[in-house]
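Read through the structure below, which is laid out as structure tokens, and then see the notes.
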Amino acid sequence: MKTRIILSILFVATVFTGCKNDKSVDSLEVVKPEVVDNSFKVALRVIVKKDDDFALYFTEDGSTNFYSVKPMWQGVKGSENEQEVVYTLPEDVYPTQIRFDLGLKKDQEDITVKGVKMTYQGKTFEAYGPKFWLFFRDDLNQCKADINTGLVKAAVENGERKVPSICPQQDILGPELIKLVK
């Protein structure tokens, strides 16, 4: 009988001490849901000396018919330093061609294009320095670019500065944009 009582006491003691959980609420790991950004972002790196407004045009059908689409405008503060002009496209918009218009101000100085970075859902496409000009080209009616330095000089007609346009190398940029969103 003594054995039975001792075994019962040991059993009860084991149950109560074995099930004790010593973790405090403060030591528990908080699991945060992963936030997925479904926006396509384009960051153009430039040196622009005077305040201005830049435009990003894009199509979703592979064409370069930019005249039928509304541009996204972004204000730019003048600076001697390199800066990013960032465009965030609406969610579920997937560009297949892109064009940049570099400034509306008639007294704007030459602009230097350093490159571009495009991101979508963790994927990145980057083209800096002369590599940028493999995917884009200057619109010779609007400007002239030095592909080695990135210096873009606006064309002047009848004493008026034209808006420099940087257009896609359609057959080269298009496939890169498609890879980025797939």
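The accessible-area ordering, largest first, of the residues LEU89, LEU151 stands as LEU151, LEU89, per a 1.4 angstrom probe. The Kirkwood radius of the stretch 31-105, taken over pairs of alpha-carbon atoms, gives through the Stokes-Einstein law at 4 °C and 1.567 mPa s a diffusion coefficient of 94 µm² s⁻¹.
Computed over protein heavy atoms with a 1.4 Å probe, the carbon and sulfur contribution to the accessible area of the stretch 28-120 reaches 48%. Centre-to-centre separation between the Cα atoms of the stretch 42-76 and those of the stretch 131-157: 15 Å. Net charge of the neighbourhood of VAL156, taken over other residues with C-beta under 15 Å away and scored Lys/Arg +1, Asp/Glu -1, is -1. Largest accessible area first, the residues ASP139, ASP52, ASP110 order themselves as ASP110, ASP139, ASP52 under a 1.4 Å probe with ligands, DNA and RNA left out.
Computed with every protein chain present, the accessible area of LYS144 is close to 120 Å² [probe 1.4 Å].
With all projection directions averaged, the alpha carbon convex hull of the stretch 94-134 covers 4.0 nm².
Using a 1.4 angstrom probe and counting only protein chains, how large is the accessible area of ARG99 in Å², to 10? Surface open to solvent at ARG99 totals about 20 Å².
The values are calculated or read from the model by the stated rules, or taken from the named source; none is laboratory data. Predicted model only: the values in this text are computed from it and were never measured. Cβ: placed from backbone, ideal geometry, glycine included. Neighbour counts: every protein chain shown. Surface accessibility is based on the protein's heavy atoms, side chains included, excluding ligands, DNA and RNA. Shrake-Rupley method; radii C 1.70, N 1.55, O 1.52, S 1.80 Å.
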